[in-house]
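This report refers to the structure that appears directly beneath it.
Just so you know, all these numbers are worked out from the coordinates, no wet-lab data involved. The model shown is predicted, which means the values in this text are computed figures rather than measured ones. Positions of Cβ are generated from backbone atoms using ideal geometry, with glycine treated the same way; all protein chains shown enter the neighbour counts.
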Ligand code: MG
């Protein structure tokens with residue numbers, strides 16, 4: 001299933017996509033029916049993820065009814081639906097992985113004229129919840145702060161079942177589904193803070209997320225998905241998740257060592273080659289540019305950059 005969060009009457013509302021592309025508002029369709037788990041009625045995907053199969057089975061019932069012509073008042077056409085990030089305000093920072101595709105490391109070495117190399121263990125950093133924005137939301141350009149805004153399309157894992165010290169073999173049991181993240185990066189800010197990743201990758205609006213969370217059962221093979229990104233229609237990134245250096249089970253095993261992963265946690269798994277700073281000459285993003293991230297079986301995440309005016 002493709003699960004999304006709509007903006008309805010000023011509030012977020014969990015929804016599921018129907019076969020014709022329209023969206024069914026889950027809580028509204030369930031209305032006063034008592035047979036469903038509480039998570040269905042809360043109207044948040046966070047509650048659905050925490051509840052797991054009971055909630056998913058309830059949603060499947062509602063989808064079957066809607067496909068049968070019911071729940072029309074709870075249905076929004078694709079063109080009328082305003083999507084937020086599927087989890088508009090994650091409960092904790094978004095976990096991210098750096099340097100996870102060999103070609104991306106190689107282009108970084110060329111651009112920076114220095115050896116970067118593959119690390120023995122995955123490189124982790126985070127993006128704060130305040131960086132998260134949804135599909136079609138503006139990516140702010142803080143002109144006085146950065147002159148080198150860059151993009152990175154990334155397959156993002158959504159954790160379902162909590163766990164610590166998760167083994168490789170059991171890693172996929174902890175995955176609820178998958179979404180797309182654009183790891184917007186202020187390269188100049190990234191470089192000037194001692195080489196650590198956080199500051200340059202944590203600015204407001206630097207974590208476009210969506211358009212939906214696709215449940216794990218609906219993805220044929222997360223380790224074999226075409227992944228790409230275009231800027232104003234020009235293809236910049238084009239790869240496959242098969243090329244990850246540390247695959248998803250490895251990332252979950254490694255990140256969960258002594259660290260509890262919880263339902264709704266997000267793990268962005270790194271970007272393939274084709275980023276703007278490694279082009280010759282570099283091509284950075286500016287006001288008016290439209291960036292589209294696409295991953296097979298998930299969808300497309302589109303955002304446009306706008307100069308930030310004012311200081312608040
Ligand atoms: Mg990245």
Every residue from region 97-119 that is closer than 14 Å to residue 154 by Cα and part of a helix (DSSP H, G or I): 104
Residue that is surrounded by the most Cβ atoms within 10 Å (Cβ to Cβ), among those in region 91-142 that are more than 22 Å from the chain's Cα centre (by Cα), within 16 Å of the ligand (Cβ to nearest atom) and touching a residue at least 40 places away in the same chain (Cβ under 8 Å): 107
Answer from 222, 211 - the residue that is in a loop (DSSP other than H, G, I, E, B) and in contact with a strand residue (DSSP E or B) (Cβ under 9 Å, 6 or more places away or on another chain): 222
So residue 70, is it part of a loop (DSSP other than H, G, I, E, B) and more than 17 Å from residue 176 (Cα to Cα): yes
Failed condition for residue 37, given (1) surrounded by fewer than 20 Cβ atoms within 10 Å (Cβ to Cβ); (2) touching a strand residue (DSSP E or B) at 6+ places or on another chain (Cβ under 7 Å): (2)
Criterion violated by residue 205 - all others in (1) over 14 Å from the mean Cα position of the chain (by Cα); (2) assigned to a loop (DSSP other than H, G, I, E, B) satisfied: (1)
